[in-house]
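Step one of this worksheet: look at the structure below.
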Amino acid sequence: MVTKVLLATASPEVRDHLGHVFAESDQFELAASVPDGAGVLTALDRNPDVGIVVIDEDADGGQGHALARTVGLATPLIGIVMVVDAHSPGEMNTAMAAAMEVGARSVIARNAGLEEVLTRFEAVASWSTVARAAVSAERNGGRGGQVVVVAGAKGGVGVSVLALLLARAGRSGDTTLVDFDLGAGDLAAYAGVRTRRSVVDLAGVEGEVTARMLRETTYEVGGGLRLLTAPNEGERGEDMTPAAARSIVSALRFESNLAVLDVGAHLDEPRATAIEFADRVLLVTTPDLPALRAARRVIAQWDRLAIRRPAAVELVLNRRSSRDEVTPQLASRIVERPIAFTVPEGGTSFAAAVNTASLLETPTPVHTAVAEVGIAALSAAGAPAQPGDEPAEVAALVAGSSARKRRSGAAQKREARRASREKGTEAEAGQSTVELPVVILIAMTVLMLCVQGIGWATSLLTARAAAQEGARTVGVAGHYDRFGNPRDDVVEQARRDVRDRLPEWMGSVDDADIEVGADEVRVRVTVETLVPGMDLSASSSAAVYREN
């Protein structure tokens, strides 16, 4: 786990030195660096997951110890490390005693080496982690309840349905589903219940919300859930205050193993408070450009208002199908955040369950996908899961998937590569078996055409040579009748010369194939083909030149 560090110093040398240390370490990350004490508390508000604050004793004009005392009083569970100007063991002991008096946990010299800095940081980080875990366990009576907020990038992306199914997937006999979309909540309609009490009824008591008040305000619905609904009259949502919202979130964390809050797609102060103090926040969008642009605007707005940092928001792509033009990769680039979870489109069975208010009883592929989301989204951040703590519904729906997810990343990659190779080999083998006869047939056809073309060209050249021989005979004899045509004896002699010029493999040529005229001799020969009953012909002519 990476521990984030806040550095308070005006010294460029200290900043550069520790910056190199953080660059060499994979256990610590520099979250922010401020030059004076005025920005320390602001930086801590913007980075609530900081585990160590490093304060230069020369900060604020040499008032570093006073700054450390202020930070320690404001955030007693964050470890403080002082940067001191000490060189000998005696000076370090003196500096350590002075730092302990103002609440620091350790000290490091300005020129301390990498190993020394990391060793002291590791000790302080371990103390901070143990202290936070102990206080959290004491605050929650030893229980590990958590609050998950489901928000929408815009209206109509399916926030209420996902919140309902997420609570169903994480049910463990002590799960509360809260409709915090105060002006337009409809979880009661999805669950098929009629209500009179709502979450707004708890706004008047603010810091006095107890387990009894929660039990009297919530409704038991199918699937072992307790539902805390939005008011039936939307205008009553204005009665909710940020203080009341924070009190309700704290009570839910104390009284429930899991609380899922549907805050809708609009932002006001009470919902901003719920988002800020939730353990996990899921932002729901759909694979279309308007919703994705809205998701990017929402994340930027939360960051500007210091409600939730972008890194602490998990993006859920809802209603995903293979027909979508916007892929998860493209969606991630548009929102500039990775897609944490993907939920498929529900189809006909899911639409029927929504219309009949039977989502809690009718299993669909969306239920299974949301259960898989629950494996990650409902696991407590920063605390190891205890055996048997995994929600029973999640384990039942995705037992095979969760077993695979427990494997190491390297083993998964090796198995995927091996399966890919085996699948590719089988596919290539089957494809080769199908394509080989086709390839052979095509090759034989091309070869036959080439042989046939060579035979036809040879016959054409031979016919031309024979025609030239017959034309020479007519021109040399020079005997013509009174009509100017060659005499019969000359024609017969020309035909004999043509036949003598043709090779024997062409067989006999009829007189009709040898046309002898006064000006030219034409010869036509028959070319046999490889296809039975089908022949080709090649013909050529030669001009007669009279020599006398």
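The values are calculated or read from the model by the stated rules, or taken from the named source; none is laboratory data. Worth saying up front: this structure is predicted, and the values here are computed from it rather than measured. Virtual Cβ from ideal backbone geometry, glycine too; neighbours counted across all protein chains shown. These accessible areas exclude ligands, DNA and RNA; they are computed on the full protein's heavy atoms, side chains included. Shrake-Rupley method; radii C 1.70, N 1.55, O 1.52, S 1.80 Å.
In table form, for the structure just shown:
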{"quantity": "Gained length - D36 relative to E520, 0.36 nm times residue gap less alpha-carbon distance", "calculated": "163.0 nm"}
{"quantity": "Accessible surface, 1.4 Å probe, highest first, among residues S539, S332", "calculated": "S539, S332"}
{"quantity": "Two-site FRET efficiency, T356 against N47, from Cβ-Cβ distance with R₀ of 51 Å, rounded to 0.05", "calculated": "0.65"}
{"quantity": "Accessible-area composition of the stretch 436-548, carbon plus sulfur, in percent [1.4 Å probe]", "calculated": "57 percent"}
{"quantity": "Packing rank of 274-287, 515-528, where each peptide gets the mean count of other beta carbons within 10 Å, highest leading", "calculated": "274-287, 515-528"}
{"quantity": "Over the stretch 217-373, relative contact order from alpha-carbon pairs under 8 Å, at least 6 apart, %", "calculated": "17 percent"}
{"quantity": "Among 100-109, 254-263, 357-366, the order from most to least packed when residues are scored by Cβ within 10 Å on average", "calculated": "254-263, 100-109, 357-366"}
{"quantity": "Extension gain from M534 to S349, taking 0.36 nm per residue of separation minus the Cα-Cα distance", "calculated": "60.2 nm"}
{"quantity": "Theoretical FRET efficiency, 1/(1+(r/R0)^6), r = Cβ-Cβ of R496 and T458, R0 22 Å, to 0.05", "calculated": "0.45"}
{"quantity": "Under-5 Å amide H pairs with T3, H placed in peptide plane, nonlocal only", "calculated": "F28, E29"}
{"quantity": "Separation of alpha-carbon centers, the stretch 446-517 and the stretch 41-116, rounded to whole Å", "calculated": "113 Å"}
{"quantity": "Average accessible surface area per residue within the stretch 161-306, 1.4 Å rolling probe, Å²", "calculated": "41 Å²"}
{"quantity": "Extension gain (nm, one decimal) between R333 and L289, 0.36 nm per residue minus Cα-Cα", "calculated": "14.7 nm"}
{"quantity": "Förster-model FRET efficiency, 60 Å R0, M96 and V439, C-beta, rounded to 0.05", "calculated": "0.15"}
{"quantity": "Listed peptides 117-126, 156-165 by packing density, highest first (mean Cβ within 10 Å)", "calculated": "156-165, 117-126"}
